[in-house]
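Scroll down for the structure; my scribbles are underneath it.
The values are calculated or read from the model by the stated rules, or taken from the named source; none is laboratory data. Quantities reported herein were computed from a predicted structural model and do not represent experimental measurements. Positions of Cβ are generated from backbone atoms using ideal geometry, with glycine treated the same way; all protein chains shown enter the neighbour counts.
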Amino acid sequence: MNTGLSRRGLFGAGAAAATILAGVSAASAAPVRQGTSRMTLRWWGNNGWEIRVPGSTGTKTVLIDPWLTRFKTGTYTPAGADPRTPLSVNKALIDGYVDRGELRADHILVTHGHYDHLTDVPYLAQRTGATVVGTETHLSLMAALGAPEDQLSIASGGEDLTFDGYSIRVLRSLHSATGERARVPFPGSRPLSRRDRPRVIEDLLEGGTLAYQVTGGGASVLDFGGSNYVESELAGLRPDVVCVPVGGAKVTQYVPRLLRTLGNPAHVAATHWDDFDLPLGQAKDPNGGLEVLRKAVAAASPASEFVVLEHLGEFTP
């Protein structure tokens with residue numbers, strides 16, 4: 001069985017975009033200007049972000065949608081992703097980063113339940129002791145995958161929470177709408193339960209989509225896990241950095257409306273643009289969505305710096 005869920009279908013990058021940017025990689029991007037805040041962002045590929053800020057007891061770390069395993073799904077083939085692709089977690093890879101002290105977390109924020117956002121989170125929660133934030137469905141899926149249930153914190157959007165050195169604002173959001181019928185891949189929800197352990201990628205339901213604004217170290221960053229948003233949720237927000245996924249072809253004025261609502265942030269960081277069928281360290285843009293996004297940002301907000309990082313690349317806003 002194959003749904004035909006390809007990268008183009010998921011994120012709306014078309015043939016013209018592919019022609020514009022065939023073979024582009026993050027290495028060809030312009031150097032990123034380093035700011036003066038005490039916040040550091042590091043990109044772990046896909047929509048995986050690490051945000052580090054100073055706290056009273058040392059550095060505090062927030063992860064968003066960390067997915068290091070990046071197993072093959074067929075998403076980038078003409079046939080698209082096979083929904084029966086087995087879920088897997090590369091524990092040795094994760095252990096290496098954690099044991100060397102290169103990866104830690106106080107919070108892990110999940111934007112939605114799809115495999116490229118949630119699969120590694122239960123094991124990362126075990127290894128780091130982080131508090132994990134997500135919807136009821138996200139927490140149900142993670143509990144079934146072995147996440148420590150006393151580390152799971154439910155959110156529905158609207159929460160504004162303060163911790164040592166940072167705050168997290170949870171926003172109601174929307175997943176990318178794809179195809180002629182503008183449908184969400186693997187839709188649905190499920191109540192909290194340890195039963196029915198997810199085994200293949202179609203078992204990981206979207207389960208509602210959240211966006212997050214993290215503030216600390218004199219800066220703020222707003223992240224979206226899908227190429228859509230609820231404009232009314234963003235009123236009055238003025239993040240220094242907004243992480244914008246490629247795509248949004250079905251969303252009316254996707255980029256200009258977003259940046260206008262946010263007051264044209266100083267930094268627009270591209271996210272969810274790389275070929276996640278390839279291992280971490282191979283940041284390739286298979287369908288040209290990166291160049292389409294760059295041009296849209298330049299047209300809508302010329303003063304905003306367009307930030308493109310290599311895997312594990314960092315910048316300070």
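Tell me which residues, restricted to segment 131-149, are small (Gly, Ala, Ser) and buried (at least 23 other Cβ atoms within 10 Å of the Cβ). Correct list: Gly134, Ser140, Ala147.
For Ser156, the conditions (1) farther than 20 Å from Trp49 by Cβ; (2) hydroxyl-bearing (Ser, Thr, Tyr); (3) in contact with a His (Cβ under 7 Å, 6 or more places away or on another chain) are fulfilled apart from (3). One residue stands out in segment 229-245 among those that are assigned to a loop (DSSP other than H, G, I, E, B) and touching a His at 6+ places or on another chain (Cβ under 9 Å): the one that is surrounded by the fewest Cβ atoms within 10 Å (Cβ to Cβ), namely Asp240. Inspect segment 170-179 for any residue being at pLDDT below 95, over 18 Å from Ile64 (Cα atoms) and over 18 Å from the mean Cα position of the chain (by Cα) and give the result as yes or no. Yes, the conditions are met somewhere in segment 170-179.
Within segment 87-94, does at least one residue satisfy the condition of being part of a loop (DSSP other than H, G, I, E, B), among the polar types (S, T, N, Q) and under 30 Å from Ser220 (Cα atoms)? No; the residues of segment 87-94 include none that is part of a loop (DSSP other than H, G, I, E, B), among the polar types (S, T, N, Q) and under 30 Å from Ser220 (Cα atoms).
Do you know which residues across segment 246-267 are on the phi > 0 side of the Ramachandran plot and surrounded by 21 or more Cβ atoms within 10 Å (Cβ to Cβ)? Break it down into steps so the answer makes sense when it comes.
So in segment 246-267, the residues on the phi > 0 side of the Ramachandran plot come out as 247-248, 253, 263-264.
Scanning segment 246-267 gives Gly247, Gly248.
I'm checking my understanding of the structure. Among residues of segment 81-98 that are touching a residue at least 40 places away in the same chain (Cβ under 8 Å) and within 19 Å of the chain's Cα centre (by Cα), which one is nearest to Trp44 (Cα to Cα)? This residue is Leu87.
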